Amino acid sequence: MTFTRPHGFAPGRISGKGILSGVADADGVFVSTQVRLAHCDVPETGQPGYDQAMSFLRLVQTMTRKAEWEFVAIDDYGRLVAEVWPLDWTTEKRANSLSCALVRKGLAWATDDVYAAEEKEARDGRRGIWKRKNNIPPWEWRKGKRL
């Protein structure tokens, strides 16, 4: 997947707070608008691990409600790609980003170096998708590659 930055936009220059109002899919949430989570790729619908990632995001959405986001890019489908941090109910301090949490729990692949260490920890600890052998990354799954 290719990410582009519109003219005049740079990571961190656009950010905001909003209500974490829903889960679009396993790597997308609604924070005032639909946002694709940056730095990770989650299993696709029908792929092992998809349901667990959806359940995790729905749980966070139910427990958190508020979030901050920071623009990273626009994806091939025109979606806003952003880092999203749930906010603590009482202090409104940032928790780990949703992307970091998904990768750390073994529910997503890191797509760049930002969460590579967390992916290695999850792999070494055989958490989430890493309990299985022969995982197919979502970008290969989308191309039609299956076991």
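The values are calculated or read from the model by the stated rules, or taken from the named source; none is laboratory data. Remember, predicted model here, so these are calculated numbers, not experimental data. Using ideal geometry, Cβ is built from the backbone for each residue, glycine included, and neighbour counts are taken over all protein chains shown. We work out accessible area using only protein heavy atoms, side chains counted, and drop any ligands, DNA or RNA first. Shrake-Rupley method; radii C 1.70, N 1.55, O 1.52, S 1.80 Å.
For the reader, a short list of remarks on this structure follows.
- The one condition in (1) within 25 Å of LYS17 (Cα to Cα); (2) open to solvent by 50 Å² or more (accessible area, probe 1.4 Å) that PHE71 fails to fulfil: (2)
- Of the criteria (1) closer than 15 Å to ILE19 by Cα; (2) without any contact (Cβ under 8 Å) to a residue 40 or more places away in the chain; (3) of a type in the set (Lys, Arg), which one LYS120 fails: (1)
- Matching entry among ALA122, ALA53, ALA67, ALA116 (being more than 21 Å from PRO137 (Cα to Cα), of a type in the set (Gly, Ala, Ser) and modelled with pLDDT of 85 or more): ALA67
- Taken over region 77-123, the criterion of being outside any loop (DSSP other than H, G, I, E, B) and more than 14 Å from the chain's Cα centre (by Cα) is satisfied by LEU87, ARG94, ASP113, ALA117, LYS120, GLU121, ALA122, ARG123.
- Filtering region 28-42 for residues that are open to solvent by less than 70 Å² (accessible area, probe 1.4 Å), within 28 Å of LYS17 (Cα to Cα), touching a Cys at 6+ places or on another chain (Cβ under 9 Å) and not in a strand (DSSP E or B) leaves a non-empty set.
- Among (1) at pLDDT below 90; (2) over 19 Å from GLY106 (Cβ atoms), the one test that ALA95 misses: (2)
- Number of residues in region 90-113 that are farther than 15 Å from PRO138 by Cβ and either among the small types (Gly, Ala, Ser) or in contact (Cβ under 8 Å) with a residue 12 or more places away in the chain (or both): the value is 9.
- First in region 125-141 and in contact (Cβ under 8 Å) with a residue 60 or more places away in the chain, second anywhere and in a helix (DSSP H, G or I) and of a type outside the set (Val, Ile, Thr), Cβ under 7 Å, 6 or more apart: GLY128/GLN52; GLY128/ALA122
- Any hit, region 134-141, residues being part of a loop (DSSP other than H, G, I, E, B) and open to solvent by less than 20 Å² (accessible area, probe 1.4 Å): no
- Filtering region 56-67 to residues that are under 14 Å from the mean Cα position of the chain (by Cα) and open to solvent by less than 70 Å² (accessible area, probe 1.4 Å) leaves PHE56, LEU57, VAL60, GLN61, ALA67.
- Residues located in region 74-89, provided they are within 17 Å of TRP139 (Cβ to Cβ) and open to solvent by less than 30 Å² (accessible area, probe 1.4 Å): ASP75, VAL81
- Qualifying residue in region 90-98 (condition: surrounded by 15 or more Cβ atoms within 10 Å (Cβ to Cβ) and touching a Gly at 6+ places or on another chain (Cβ under 6 Å)): no
- Test result for PRO48, in contact with a Pro (Cβ under 7 Å, 6 or more places away or on another chain), within 30 Å of LYS145 (Cα to Cα) and in contact (Cβ under 8 Å) with a residue 60 or more places away in the chain: no
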